[in-house]
1. I'd like the full set of residues that are of a type in the set (D, E, K, R), more than 21 Å from Tyr322 (Cα to Cα) and surrounded by fewer than 24 Cβ atoms within 10 Å (Cβ to Cβ), limited to the range 145-183.
2. So how many residues does the range 333-362 have that are within 16 Å of Gly392 (Cα to Cα) and of a type in the set (Gly, Ala, Ser)?
3. Looking at (1) in contact with a Pro (Cβ under 9 Å, 6 or more places away or on another chain); (2) open to solvent by less than 60 Å² (accessible area, probe 1.4 Å), which is the one condition that is false for Val125?
4. Could you name every one of the strands (runs of 3 or more DSSP E) located completely within the range 202-290 that has at least 3 residues being surrounded by 18 or more Cβ atoms within 10 Å (Cβ to Cβ) and either touching a His at 6+ places or on another chain (Cβ under 9 Å) or at negative phi (or both)?
5. What about Val8, is it under 21 Å from Ile102 (Cα atoms), at pLDDT below 55 and not in a strand (DSSP E or B)?
6. Could you look through the range 97-112, keep only residues that are at pLDDT below 95 and either open to solvent by 10 Å² or more (accessible area, probe 1.4 Å) or of a type outside the set (Asp, Glu) (or both), and pick out the one that is farthest from Trp314 (Cα to Cα)?
7. Among (1) touching a residue at least 24 places away in the same chain (Cβ under 8 Å); (2) surrounded by fewer than 24 Cβ atoms within 10 Å (Cβ to Cβ); (3) of a type outside the set (Asp, Glu), which single condition is Gln444 missing?
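The values are calculated or read from the model by the stated rules, or taken from the named source; none is laboratory data. Just so it is clear, the model here is predicted, and its values are computed rather than measured. Reconstructed Cβ throughout: ideal geometry from the backbone, glycine too, with neighbour counts over all protein chains shown. The accessibility values were calculated without ligands, DNA or RNA, using every heavy atom of the protein model including side chains. Shrake-Rupley method; radii C 1.70, N 1.55, O 1.52, S 1.80 Å.
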Amino acid sequence: MWAVSSDVRRRFSVDKESGLDEAGAMKAILALDQGTTSSRALVVDGEGRCLGMAQKEFAQHFPHPGWVEHDAEEIWTSQLAVAKEALGKAGVTAKEIAGIGITNQRETTVVWDRETGEPVHRAIVWQDRRTAERCRRLTEEGVEARVQERTGLLVDPYFSGTKIGWLLDHVEGARSAAEAGRLAFGTVDSWLIWKLTRGRVHATDVTNASRTLLMNLATGEWDEEMLEMFGVPESVLPEIVASSGVAGDSEAEFLGGSIPIGGVVGDQQGALFGQLCVKPGMIKNTYGTGCFLLMNAGEEPAVSRHRLLSTPAWKRGDGMAYALEGSVFSAGSVVQWLRDGLGLIRTSGEVEGLAASVPDAGGVRLVPAFTGLGAPYWDAEARGTLCGLTRGTTAAHVARAALEGIAYQVADVVRSMGDDAGKPLTELRVDGGASVNNLLMQVQADLLGIPVIRPKTTESTAMGAAFLAGLATGVWSGVEDLDTHWQVDRVFDPAIGEDERNSRLAGWSDAVARARSEIGG
């Protein structure tokens, strides 16, 4: 499962002692981390050290309530710009890069013209809920059990399948063009691969393909039954490839030389690999725009009793690793709302100090269901709810309730995963931007009753893409070579008792009930 082909080894042979290739040049990995609110790039050397990093935010578009869009061309130009900037900061040229690793926001849907390369519409983002009614009708038709059996997923607007259908049906002439083979669909990884190879390669990896509602979980191939159900012509689909393996080579003009694209992985699976959760039962949470928890489930697809998703963790060679996943739709975006929507803070970094200025939330609870509730509720109609307000409520109480609302959602998913695993989980590895918030991490440990472990390098998503690309191009020979690259920064141990924990969780459950659609929230 972990072997690297001999021809690739010869092409990218690296001396572990010196970090040099056979010609005496350093070999590093360029990791492209295309996220929901920004594009980032890291240059990582053979010791797992970040030599250079760059990041650039891009515009978010909200044309209607519940709709979220990105400009796919801006995604590309921002990603290319930060790649060049990271190489410059690292003082590294394309000749010194063994491979490119791509990790990306999943489910976000791009459809473009194969001839011109122009998107037919803005990209529809994973957060977008415009197809909620379509999903509701499908569920009422009784297809959900069949969909989950074939794909491991639920029928929800979160996934790409209904987004593709919406674009083909609402962009003039798109469906006929798709059926004639003139259009291409891709999640963001496919879009970046297409652009980097100037249209020579139309591919996606198994982790991203699995998020479309169109891939058979058992075979790792497109599923004809699902294509028919969601009205997606097979002609628009990319080829499904492994997460670790050379998918193609970038055009030399973009980065100063042609570089193999050696790793492609969805962001959350990338973080799971970057956290080296390579054994069954290991679990990580990434605190980004949303929260995404994945638990390594081993070599067979797992079945959840709590509506968690079964998904590929990664594919290398002929072997597939699987995971259980729970998604929280609003996490870092809650802090952005405090900043941009309410004006309670000027910068996101101020939220910890404001929240820590009070000993508790004063009975205030915020359920941040701004775009519905994800696992384990999967309620697309739920909406954000702020309750428990009194005349004594201050901005600090609201800020603390916002952080706690993130941690409560994570606790819901972790408890579900532990029950599915049939045994208590012993630790949670964390990463992502909000994991640097010490107050949030302590609240998280308190609500879970297990240690929360933050590594020294919280760029786990990008590191996962780098590791997968480096394994494919010979920078590392196997997972055992990566062990020394994961080191602990801080462990947050629970600081409250079981009775207090249960009381807090009960209050949270009451708040969630107010936000659920059937309550009229």
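1. Passing the criteria: Asp169, Glu172, Arg175, Glu179, Arg182.
2. So the count comes out to 4.
3. (1)
4. Counting at least 3 such residues, we get 203-205, 244-249, 260-266, 283-287.
5. Details: under 21 Å from Ile102 (Cα atoms): yes; at pLDDT below 55: yes; not in a strand (DSSP E or B): yes.
In short, yes.
6. Of all residues in the range 97-112, those at pLDDT below 95 come to 105-107.
Next, only the ones that are either open to solvent by 10 Å² or more (accessible area, probe 1.4 Å) or of a type outside the set (Asp, Glu) (or both) stay: 105-106.
On the way: Gln105: 15, Arg106: 14 Å.
Among those that are at pLDDT below 95 and either open to solvent by 10 Å² or more (accessible area, probe 1.4 Å) or of a type outside the set (Asp, Glu) (or both), it is Gln105.
7. The number of the failed condition is (2).
Matching residues to (1) surrounded by 21 or more Cβ atoms within 10 Å (Cβ to Cβ); (2) without any contact (Cβ under 8 Å) to a residue 40 or more places away in the chain:
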| residue | (1), (2) |
| --- | --- |
| Cys387 | no, no |
| Thr390 | no, yes |
| Ala407 | yes, no |
| Lys423 | no, no |
